[in-house]
Amino acid sequence: MQAIEWSKKRYEIDQEKCVRCGLCAKVCHTASIIDTEAKDDIIYHDTIEKTADVVVCGAGTGLVGAVKAAQAGKKVIVLEKSSRLGGNTDYAHAYFPVYTKWHEEAGMVDAREDAIKYYNNATEGIIGEDIFRTAVYATGEFFDWLCTFGTAHEVYNLVNLGDADAHGPIYGPGLLDFPNRIVDNLNCRDDAIGPGWGGTYVKYTMLKAIEDENLDVEILTEHAASHLMLDADGAIAGVVANDPGGETIIHAPVVVLATGGFGKSDEKIREFEPWFFEGETQIHRFSVPTDTGDGIDMLRELGVEPEPGRLNVSMFGPKHHPFSNTLADIGLEPDMLQINLNGKRWINEEAHLFGMTPHIADQPKEISYAVQGLSVIKSIAERFINNPAMESKKNLYSSWYEELEDESKLDMPVKKADTLEELGRLCGMPEGALEAEIKKYNEFCKAGKDDDFGKDAKNLVPVPEEGPYYAIYGQRFSEASLGGLMVDGQCRVLRNDNTPIPGLYGVGDATSAMHIKGKLAVVSELTWGVASSFTSGNNAVDYVNQHGPAKEAVSVGSKAVKGGR
């Protein structure tokens with residue numbers, strides 16, 4: 001119906017075009033589209049009490065631990081705060097095992113011990129070898145286990161990288177590549193982000209396993225874990241959840257906190273990283289609405305505070321989000337010119353995204369336009385299309401011109417003009433500034449020397465003398481705000497004195513395991529997510545076998561329970 005349109009830096013539904021079919025709400029994995037009238041259907045109830053062996057709070061990577069525990073014969077209840085399953089796991093692209101049976105069959109070297117040493121040295125021992133050992137070994141074990149569900153060979157490729165060393169967030173001689181999105185998000189032009197990548201595949205595989213194997217897993221959506229229950233010994237006795245109709249109490253000896261980070265909690269971000277709100281242009285955030293740091297809140301009730309130096313509020317830029325990722329990739333190529341709102345180049349464009357990130361905040365309104373003429377943009381797109389390494393994205397890149405033209409008709413993503421004077425005006429730059437900057441830059445190209453930023457002569461591609469010209473909008477974005485729960489190598493949640501809370505485990509973004517303030521994690525979020533959930537599932541089973549069912553709760557959060565529960 002063409003009812004979704006771009007307005008004021010977000011997508012909105014044109015109510016005059018909307019026919020109330022409900023399709024957009026059905027496919028929205030973040031549950032951002034809500035039928036407010038549905039509140040009338042709430043059935044209020046007295047407190048509901050349930051019993052389980054393991055409670056998993058969060059149905060993203062937490063589903064991995066749930067399935068592992070259930071396969072061992074345990075009764076599992078999964079609490080999901082949203083009406084949708086997946087959380088930020090649905091945003092996640094890939095995880096990177098160092099060594100699996102696939103690596104072994106391909107004759108690749110086992111680089112797991114080398115990876116642990118590399119990660120430990122790269123973080124100066126702050127994170128700890130025990131955490132990296134869990135991440136490295138459990139990720140491979142997880143993938144070997146995932147393959148038992150039968151479809152991994154259809155969606156993954158093992159790419160030989162050659163040397164057993166670091167390749168960005170990957171360590172080892174092989175990349176376990178997930179080349180094509182599945183099912184979800186196939187019509188979304190921002191293919192840099194989920195759903196439909198590796199995180200979504202893990203979610204769907206776990207849900208199918210629960211059904212196919214008839215596992216004893218009960219999933220309760222719109223149930224937000226709110227308070228932890230402890231017994232007289234300070235061990236976990238269960239969890240309290242808020243649901244639309246009241247309160248649900250689950251008695252269990254094990255609780256796994258897979259509640260995610262705090263990327264959509266303005267209060268927590270202001271507390272831990274107030275700079276996040278200091279700019280003029282709001283940072284675009286890739287976090288589901290329920291990503292509000294509930295694990296931190298529950299631990300604080302027990303007197304456990306997050307370690308400020310082990311939280312990470314991510315920020316990158318400039319990037320063309322949440323628009324076409326094809327244009328975003330084009331905009332970050334060194335052939336393009338990064339122009340700020342003063343009409344000036346501000347960096348050597350060879351720096352790419354990570355090199356630009358530390359400096360974008362210093363530009364007016366934290367905005368940069370990637371500027372070039374049509375012929376240069378076309379040559380970049382053709383370079384992408386003809387690159388064998390980008391074969392899986394060939395079809396996406398082939399629509400570059402259509403996307404360029406479509407976005408130039410909106411009020412922000414791409415500016416198009418026949419003259420540089422007009423382009424500068426459309427971008428809000430001072431009169432004549434863009435023309436003067438392009439003239440100077442073209443002189444650098446002619447001389448083969450960039451006197452301003454030292455860009456390599458091979459990347460000094462002049463701006464054509466004739467239009468049309470395009471300016472691709474870029475700003476800062478945040479993938480997530482991560483951490484809060486300190487865990488050990490067994491994924492047990494720790495108090496501030498480093499003693500574990502018996503029966504409590506932490507998974508993925510909710511934990512501070514991989515994070516050091518202000519630094520990019522050396523192990524990717526989804527890698528740690530699947531590894532920690534796999535580990536927690538195994539350890540939860542051992543804990544239940546050793547300690548038996550939950551004992552009587554004497555406290556809920558920080559409050560004593562009169563007479564127990």
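Before I look further, what does the chain give for accessible area per residue, probe 1.4 Å, in whole square angstrom? Provide the component values of the computation, followed by the final result.
Values: 24620 Å² over 565 residues.
So the chain comes to 44 Å² accessible per residue, rounded to a whole number.
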Discussion item. Of V67, H29, I43, which is farthest towards the positive pole of the stretch 28-157's charge dipole, taken about the Cα centre with +1 and -1 on the beta-carbons of Lys, Arg and Asp, Glu respectively?
Written reply: V67
Worksheet item: For the chain, what does -39500 (n - 2.57) per DSSP helix run (n ≥ 4), summed and divided by total residues, give at 222 nm, in deg cm²/dmol to the nearest 500?
Response: -9000 deg cm²/dmol
Response to the item:
For 207-216, 407-416, ranked highest to lowest by mean beta-carbon neighbours within 10 Å, the order is 407-416, 207-216
Item to complete: Find how many whole Å separate the alpha carbon centroid of the stretch 449-492 from the alpha carbon centroid of the stretch 397-419.
Response: 20 Å
Fill in: Relative packing of 16-25, 531-540, which averages over residues the other C-beta atoms within 10 Å, highest first
531-540, 16-25
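Sum up the charges of everything whose Cβ sits under 9 Å from the Cβ of A540, counting Lys and Arg as +1 and Asp and Glu as -1, but leave A540 out.
Working: positive: K68, K74; negative: D53, D542.
So the environment of A540 carries a net charge of 0.
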Worksheet, complete the sentence: With a 1.4 angstrom probe the carbon and sulfur portion of accessible area for the chain, in percent, totals 48 percent
Item to complete: Rank S265, V530, N120 by how far each Cα sits towards the positive end of the charge dipole of the chain (+1 on Lys, Arg Cβ; -1 on Asp, Glu Cβ) and give me just the farthest.
Response: S265
Item to complete: Work out the length of the dipole vector of the stretch 439-565 about its Cα centre, built from +1 on the beta-carbon of each Lys and Arg and -1 on the beta-carbon of each Asp and Glu, and round it to the nearest 20 debye.
Response: 540 debye
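The values are calculated or read from the model by the stated rules, or taken from the named source; none is laboratory data. Because the structure is predicted, anything quoted here is derived from the model rather than measured. Positions of Cβ are generated from backbone atoms using ideal geometry, with glycine treated the same way; all protein chains shown enter the neighbour counts. Side chains included, ligands, DNA and RNA excluded: accessible areas come from the protein's heavy atoms. Shrake-Rupley method; radii C 1.70, N 1.55, O 1.52, S 1.80 Å.
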